[in-house]
Amino acid sequence: MAALRFLSSTFRYADGLTVLWISLLTAVVCETISYFVIYRSSSYKHLRSSIDKASKKLDSLKKPSGASATSKNPKKIDRFESSLKESTRDLSMFKFKSGFVVAIVLVVVFAFLNSMFEGKVVAKLPFRPFGLIYKMSHRGLQGDDATDCSMAFLYFLCSISIRTNLQKLLGFSPPRGSGNMGLFPMPDPKSN
């Protein structure tokens, strides 16, 4: 706490940098928890490899190698699509377990930051936000300066960007074939 006070008295943007560092630390802690709960288990590795295999096979079946290529394989394509959807659903449910622990960590850190920076401007935005964005960026702040940024908005932006990039860096991002196939996938146009 003394180090944080020293930072805030020394630098103009110390509050914003403090929120950034705490967000980075939180992302590392959350990914470490996810690693021990999810990523190192054999079930996760098996599900991920089955998603990768199914998506590669599906891509090769969907490639137009001739005029009759898609007319020969509609049952195979449907079978691989359903296998891919099922594996992706199972992977999402598997990840849901650690999501609860990560959510608790994020809520605790947010409450800590909220008490630490309540009513304080932690950054200045380089633009004037509109409507909903203004309400989010100016949450809990006094005054009418639209470029003032609250801790909640900065923490939200930092958490999203840092955690996503950290997952990509560590190789924990979702498998490439699982896009748009989470717990609530888009409806299949063929079934309508």
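Step through the residues of the range 93-109 one at a time and calculate ³J(HN,Hα) from phi using the Karplus curve (6.51 cos²θ - 1.76 cosθ + 1.60, θ = phi - 60°), rounding each to whole Hz and writing x for Gly and Pro.
5, 5, 6, 4, 4, 7, x, 5, 5, 4, 4, 5, 4, 5, 5, 5, 5
What whole-number value in Å² describes the accessible area per residue of the range 33-135 for a 1.4 Å probe?
On a per-residue basis, the range 33-135 sits at 67 Å².
Over the alpha-carbon set of the range 60-159, work out the extent along each principal axis and list the three values in angstrom, largest first.
Rounded to whole Å, the extents work out to 67, 33, 17 Å.
What is the sum of charges around SER98, taking Lys and Arg as +1, Asp and Glu as -1, for the other residues whose C-beta is under 14 Å from the C-beta of SER98?
+3
Would you list, by chain and number, the aspartates and glutamates whose Cα falls below 20 Å from the Cα of LYS95, excluding same-chain residues fewer than 8 positions away?
GLU31, ASP52, GLU86
Quantify, in whole percent, the carbon and sulfur part of the accessible surface of the range 17-139 (1.4 Å probe; protein heavy atoms only).
That fraction is 65 percent.
Return the lysines within reach of LYS97: Cα separation strictly under 28 angstrom, same-chain partners fewer than 8 residues apart disregarded; answer none if there are no such residues.
LYS45, LYS53, LYS56, LYS85, LYS168
Using 1/(1 + (r/R0)^6) with R0 = 30 angstrom and r between the beta carbons of LEU166 and VAL108, what's the FRET efficiency to the nearest 0.05?
Approximately 0.95, to the nearest 0.05.
The values are calculated or read from the model by the stated rules, or taken from the named source; none is laboratory data. None of these values were measured; they are calculated from a predicted model. FYI the Cβ positions are ideal-geometry reconstructions off the backbone, even for glycines, and counts take in every protein chain you see. Keep in mind that these areas ignore ligands, DNA and RNA; they rest on the heavy atoms of the full protein, side chains included. Shrake-Rupley method; radii C 1.70, N 1.55, O 1.52, S 1.80 Å.
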